[in-house]
Every structure is written in structure tokens, then in C-alpha cells.
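These notes concern the structure reproduced below.
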Protein chains: 2
Amino acid sequence: MFKIAIDAMGGDNAPEAIVAGVELARDQMPDTEFLLFGQLDKVKPFVKNEERLTLVQADEVIAMADEPVKSIRRKKQSSLVLAAQAVKNGDADAVFSAGNTGALLAAGIFIVGRIKGIDRPALMTALPAFDGPHDAFVMMDMGANAENRPAHLYQYGVLGSFYAHEILGYDQPRVGLLNNGTEEDKGDQVHKEAHQLLRYGSDKNLLNFVGNVEARDVLQGPADVVIADGFSGNATLKSIEGTALSMLKLIKDTIMNGSLKTKMAGAMLKPALKGIQSRLDYSQHGGAVVIGVNAPVVKTHGSAGPDAVANTMKQIHTMLEADLVGKVQQFVADHKEDLSARPENEVDGSAE
Amino acid sequence: MFKIAIDAMGGDNAPEAIVAGVELARDQMPDTEFLLFGQLDKVKPFVKNEERLTLVQADEVIAMADEPVKSIRRKKQSSLVLAAQAVKNGDADAVFSAGNTGALLAAGIFIVGRIKGIDRPALMTALPAFDGPHDAFVMMDMGANAENRPAHLYQYGVLGSFYAHEILGYDQPRVGLLNNGTEEDKGDQVHKEAHQLLRYGSDKNLLNFVGNVEARDVLQGPADVVIADGFSGNATLKSIEGTALSMLKLIKDTIMNGSLKTKMAGAMLKPALKGIQSRLDYSQHGGAVVIGVNAPVVKTHGSAGPDAVANTMKQIHTMLEADLVGKVQQFVADHKEDLSARPENEVDGSAE
């Protein structure tokens, strides 16, 4: 029996949408129990059927605006902290939240804990690939870290490959390094050295590195796992989101302010435009994963409704069923030496 | 009389489109002379009328794939190097190219020369703003530098403000720092300290700093001048381009593969979609500017036709007429002390 610890209070529609989503998932996943942490006077009224649900009182709530690290240190009785604590204590196998991303990340790192040998857990998300062999790719770090060292990026290559292989079912996932050019000597010192480490790992068959990829191309699917430092990964993800939203708005405004003919055409195209919007909606490919910690820790978007919550439960279930974290732990332990390698020709005097 | 030095050999359609664009511009700008550098056996056949055109033989050509710095050092007789040299010698006031961006940048920095007091010239481009008081904003550095220090970003605030004020005509341009959150303590060390320096410059009335802006929002126009380090600026620009192109392709494919009704609607919407495409085409707002050097050095896109070339000539003309470079030089000299300030509370021990 798998056990998922749920922060029932996180998200714009919590606890109602969370409870409804969990109940949907519960009905589809007979081998799973759910521990719901929250203010029970608010949670209970939404619970229809307590089968395989355990409700646990959490006096406090971490708000979206709370400072992540401080809030998990101070709000020890919050639904998020108690959910993470349940994993630490062995009472649950995974954590779910639709609330404060930074706080979930901090709970993952400081409560659930880093995998031994992984220096800096990352935030990973799936994005649509409009071309190439698969319809989605994963990218990390999306902003867990403001700064990364080359060794972190190398480790992300391994973590992302495991996810793409075990969870998405990709054979020999293609790992690309987000850089400002495709040539191997591109980028700043961090990216030059990360490139060498990924190349080394590829030569040792730890992963399948296909070289640098540019932000301009990522949506076309040149890699199944795109590795970025947290700062530019965040900028890239947000630019993609912002541009897609701006364009959809521009299209809608153009249609609404157009001639009668334009409006009619717009109405006829509505289903097609909806389809495009849905292909761009990367939350369809699952929640954001805190990767590199000792259990699945997954975040769905704040505005998630019951279906999105239930889909994220399925994603967590797949991660548990595949024993993703256990496999990564084993792999990292088995390849300690190769994973702590430094570039053979260090790019210049500065070691990282 | 203004004199613009033209690299007639750079760009996919060179020299034909370059010559045609220059002739268009010449006919509209009676106070300007054009020095065309190129292989004259290839250039001359396209010249219709030599009025205010001076043709200068350049034996070599810098190709798109040439390594920038090496190529300007080795190809001393190239059209680009000779055009930049003409500015250095006082024979011309500005340089134009549609060729190798990196080589133009290198020619700007190493031949035309940095403005005294500006440490790292940047590549600046205008992008559309879909909301806010103006229809475009400028952003830099778009990738001239793989790494930037806080002081560079501070200087970009000043350079960008001058451009937005003098060339775009914006009153008190709003300067924003691209960062991974809007709070002032966001980002890595470089961005934290850059934030403080920009705040300091704003307190001293050197510029009008409005704080951090996120990549997700830039196209909505939260700032008139968006400052970024070269690495994440490049990632942001390319993500915006890539997403816009992917979406337009997705829309076209959806229409072409749709039902008869969808195809008809698509045909009716064609003008509206063309309008959207044109609003997204940031080359309409001018070429990319190498900013921080001792003369206007401007790049138009490689596939530019005669109209785009002529528009870039107008942009250069505006820069010359406003004496943008002279004003920046004067301002930097007058505010040496404030511009070499360090953050009052340095964020931690590491001085940059």
C-alpha cells in the first residue's frame, strides 16, 4: 500500500479542490492511502467518503506570500511541514502540495532530505515538445537555486535521465545543456565546465548527452532532459509562459476588436485555439517535481482543480511504483566516483 | 553631413539587399553620405545611382560561421573591419552590418572602442510591449557577455535610459532589472548587488529604477529598459523568439490539418494573424545596437530586405542627430564618481 501525504491547505482552491482531487484519485488507485493534513474544521466538510483517507489536524497554514525557509522553520504545525514530517518519520512515501512552491522545496530539502551524493535538489517540470520523438521533455532547475555549480548541473543530467526513463518511459533520454550557443566552448565558466562533466558522464554511459541546446529551440524538442542553472532556467520557463500568454491574449484581442468577419472566423477557430492552449499547458504533463530528495515531492499549480490534483496523484503513484527515488539512491551510491569527477581539461585555473 | 560606414557584404541577401536599402535611405536622408565597403565586382552591379555613395574595395568577407574575435583580427581587409576602421579614423560616424553579430560586436569594442568609463559594451534590442505606456521597450545585454558583474548592469541602466529617452522619446524611462522575483533580495549575488547599485543610481537621479521585473512579464511592458546579464538576457530573448515561432507554427499547422471549416476560418483570419506576426517582429523596432562604444554600431537581421536596411539607416540617423554617443560620453565623464559606486550595504563579504 502506497501512502501519500497531502498538504490539504495549499492552493487557491484549497481545501475543496484538493479534497475532491484526492477522492477522485483514491477511487482510481486502490493500492494507495492518503494522509490529509489541514485545519479539520475546514477540510472535513468537503470529505465525502473516508475510505483510505486519514485526516490529520494541522493548526497552521503556510501562505503563498510567506518566506519559504523561515515559514517551514517557524510554522512547525503547518499542513505542509506535518506532511513532509510524515515522510521523514516513515508514515508516508511522498508529499503533495498546491501551495507555496518555495516552501515545498524547502520542506523537501530540509525535512524529507537530500539524496546522499546529490548536492542541490532542483525543481523540475515537463514542457511540451512540438517536434522530435516525444511530446514532452523535462527541464530543471526551474529556480530552486539562484546559483549553480557545474557539478550540480551534471547531477541534474542523471536525475532527469532517471525521471525521463522511469516515469515518461523514454529509451536513452537525450540530455541537453541549455546554453547560449551549441558549440561546446559556449557560455560562462559554469556552463563550459558543466558541458565537460556531462560529456564525461556520457562517455561513462551514465547518461546520454547530446550537447548544448539553445532556448530558442527547446520547445521543438531537441532534448528529452534540458539542464539549466536555476537562474536562467527560471528566466527561460517564465519567458516561455509569458510569451505564450501574451500571444494568446493578442490573438483574442485581435479577434474581439476585429471586423464581423474576423469575429466569425474567431468563433469558428475557437476549438482549434483551445487545442493549442491545451498543448501549451504544461501542467497537463504533471506537477513540478522537487528532484534529488529522498521521496517524491510534487507541486501542482495553485489554481489546480480536482482533475489536475488527481493527475498529480497519478504522477506520484507512477514515481512510487517505479521506485524512482530508490533507483536514483542506488545509482548515485554505485557511481560515486564517476559522479564526483571534475572535467579532464579544466577550462582554466578556476576550479568551478 | 552624417557619414555611415556600411558592411555591404554581411547578411543573407548581401550585397543586393544592402545596396538597395542604402539607396532607399539615401533618397530619404539628404544630409547623409554612405561609405559602402565590399568586393566591388559584386557590389557595383547593384548600384543604380552613386549620389552620396562612396564605394570602397574590401578584399575579404567575414562569414556568418567565422569566429568573431579571430575573424576581425585576421581579416583586416574585410568589409566589416574596414567599415569600423573608417569610424576609428574619423572618416565615418557610424557602422552598419547585417552580417556576423559577434564579429560586429568585436569590431565595435576593439576597433570603434569602448566609451571611457563603460566597462562592458552590450547588445541591446527593442522588443514589443503589449501593455503599458509605450509599444516597445529596450533590453540588454542580449548576449555580448557570457558573464557580467553588478557594475556592468548598473551602467546598462544608464546606457539604456539614454537610448530610450533620446531615440525612442520616452520621458524618464522606467528601468527594470530582470530577476527571478520582484523582491529586492531576489537572485544571485550579481543581481542582488546590481539591484542595490541601480537603486543608488536612482536615488542620485541618474536613472529611474522601478525594481526587478520577471521574464514572465516583460512583454507586458513593466519597464522601458530591461537590464539583464548577457547569459540570461540571451536565454530570455531566445525563449521569447522560440515560443512565438513555435506558436505561430502550431496555429498554422492546426489550421492546415483542420476541417474545411477550420481552414476557411483560418483563411478569413489570415490578415489578423499577419498583424499579430508583425507586432511580434521586433526587428520593426530597429536593429540591435552595440551600446557603450564610441559611435552608433547597429546590426540588422541577416535576412533583412531593402526596407529593413533602410529602416535601420533611419535608426542610425536618429542616433547621430541626437548625438546619443556624445551625450553618453559627457554624462559618464560628469558622473564618474556616482557611476563607480559600490552598494552601500554590500550583500555579503564577496565584493562582486
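The values are calculated or read from the model by the stated rules, or taken from the named source; none is laboratory data. What you see is a predicted model, and the numbers here were worked out from it, not measured in a lab. As a convention, Cβ positions derive from the backbone with ideal geometry for all residues, glycine included, and neighbour counts pool all protein chains shown. The area values use the complete protein model at the heavy-atom level, side chains included, leaving out ligands, DNA and RNA. Shrake-Rupley method; radii C 1.70, N 1.55, O 1.52, S 1.80 Å.
Any residue that is more than 8 Å from chain B (Cβ to nearest Cβ) and part of a helix (DSSP H, G or I) - is there at least one of those in region A:285-295?
Yes.
Sort out for me the strands (runs of 3 or more DSSP E) sitting completely within region A:101-191 that have 2 or more residues that are more than 24 Å from A:Ala86 (Cβ to Cβ) and touching an Asp or Glu at 6+ places or on another chain (Cβ under 8 Å).
A:136-140, A:174-178
Go through region A:115-162 and give me each residue that's within 14 Å of chain B (Cβ to nearest Cβ) and aromatic (Phe, Trp, Tyr).
Those that are within 14 Å of chain B (Cβ to nearest Cβ) and aromatic (Phe, Trp, Tyr): A:Phe130, A:Phe137.
Of all residues in region B:218-231, which are part of a helix (DSSP H, G or I) and under 16 Å from the mean Cα position of the chain (by Cα)?
Correct list: B:Gly230, B:Phe231.
Please specify each residue of region A:51-78 satisfying the condition of being assigned to a loop (DSSP other than H, G, I, E, B) and under 13 Å from A:Phe37 (Cβ atoms).
Listed by number, the residues that qualify are A:Ala58, A:Asp59, A:Val61, A:Ile62, A:Lys75, A:Lys76, A:Gln77.
Against the definition (within 19 Å of A:Val297 (Cα to Cα), assigned by the TED database to the domain that holds A:Val218 and not β-branched (Val, Ile, Thr)), how does A:Leu36 come out, yes or no?
no
What are the residues in region A:221-240 that are more than 23 Å from A:Lys274 (Cβ to Cβ), open to solvent by less than 20 Å² (accessible area, probe 1.4 Å) and more than 9 Å from chain B (Cβ to nearest Cβ), if any?
Those that are more than 23 Å from A:Lys274 (Cβ to Cβ), open to solvent by less than 20 Å² (accessible area, probe 1.4 Å) and more than 9 Å from chain B (Cβ to nearest Cβ): A:Ala223, A:Asp224, A:Val225, A:Val226, A:Ile227.
What number goes with the only condition from (1) within 14 Å of another protein chain (Cβ to nearest Cβ); (2) surrounded by 24 or more Cβ atoms within 10 Å (Cβ to Cβ); (3) of a type outside the set (Lys, Arg) that B:Glu183 does not pass?
Going through the list (1) within 14 Å of another protein chain (Cβ to nearest Cβ); (2) surrounded by 24 or more Cβ atoms within 10 Å (Cβ to Cβ); (3) of a type outside the set (Lys, Arg), B:Glu183 breaks only (2).
Being more than 14 Å from chain B (Cβ to nearest Cβ) and out of contact with any Asp or Glu (no Cβ under 8 Å at 6 or more places or on another chain) is true for just one of A:Thr300, A:Thr243. Which residue is that?
None of the other options fit; the residue is A:Thr300.
Could you grab the pairs with beta carbons closer than 6 Å, sequence gap of 6+ or different chains, first residue in region A:135-156 and at negative phi, second one buried (at least 24 other Cβ atoms within 10 Å of the Cβ) and part of a loop (DSSP other than H, G, I, E, B)?
Cβ pairs passing all conditions: A:Phe137/A:Asp224; A:Ala146/B:Gly187; A:Asn148/A:Asp229.
Out of everything in region A:251-283 that is more than 36 Å from the chain's Cα centre (by Cα) and among the small types (Gly, Ala, Ser), what residue ends up being farthest from the other protein chains (Cβ to nearest Cβ)?
Here the residue is A:Ser259.
Name the single residue that is nearest to the other protein chains (Cβ to nearest Cβ) among those in region B:197-220 being open to solvent by 30 Å² or more (accessible area, probe 1.4 Å) and more than 15 Å from B:Tyr156 (Cβ to Cβ).
B:Arg216
In region B:83-100, what residues are surrounded by 23 or more Cβ atoms within 10 Å (Cβ to Cβ) and in a helix (DSSP H, G or I)?
B:Ala83, B:Ala84, B:Ala86, B:Val87
Is it the case, given these coordinates, that B:Phe96 is in contact with a Ser or Thr (Cβ under 8 Å, 6 or more places away or on another chain) and outside the structural domain of B:Asp31 (by the TED database)?
So B:Phe96 fails the test.
Just the residues that are open to solvent by less than 30 Å² (accessible area, probe 1.4 Å) and either of a type in the set (S, T, N, Q) or assigned to a loop (DSSP other than H, G, I, E, B) (or both), please, taken from region A:1-13.
Passing the criteria: A:Ala8, A:Met9, A:Gly10, A:Gly11.
If you check A:Val309 against the conditions, is it touching a strand residue (DSSP E or B) at 6+ places or on another chain (Cβ under 9 Å), among the hydrophobic types (A, V, I, L, M, F, W, C), open to solvent by less than 20 Å² (accessible area, probe 1.4 Å) and in a helix (DSSP H, G or I)?
Judged against the criteria, A:Val309 is a match.
Would a scan of region B:319-334 turn up a residue that is surrounded by fewer than 21 Cβ atoms within 10 Å (Cβ to Cβ), at the interface with chain A (Cβ under 10 Å from one of its Cβ atoms) and not polar (S, T, N, Q)?
The answer is no, given that none of the residues of region B:319-334 is surrounded by fewer than 21 Cβ atoms within 10 Å (Cβ to Cβ), at the interface with chain A (Cβ under 10 Å from one of its Cβ atoms) and not polar (S, T, N, Q).
A:Leu248: touching a residue at least 24 places away in the same chain (Cβ under 8 Å), more than 7 Å from every other protein chain (Cβ to nearest Cβ), in a helix (DSSP H, G or I) and under 30 Å from B:Ala267 (Cβ atoms), yes or no?
yes
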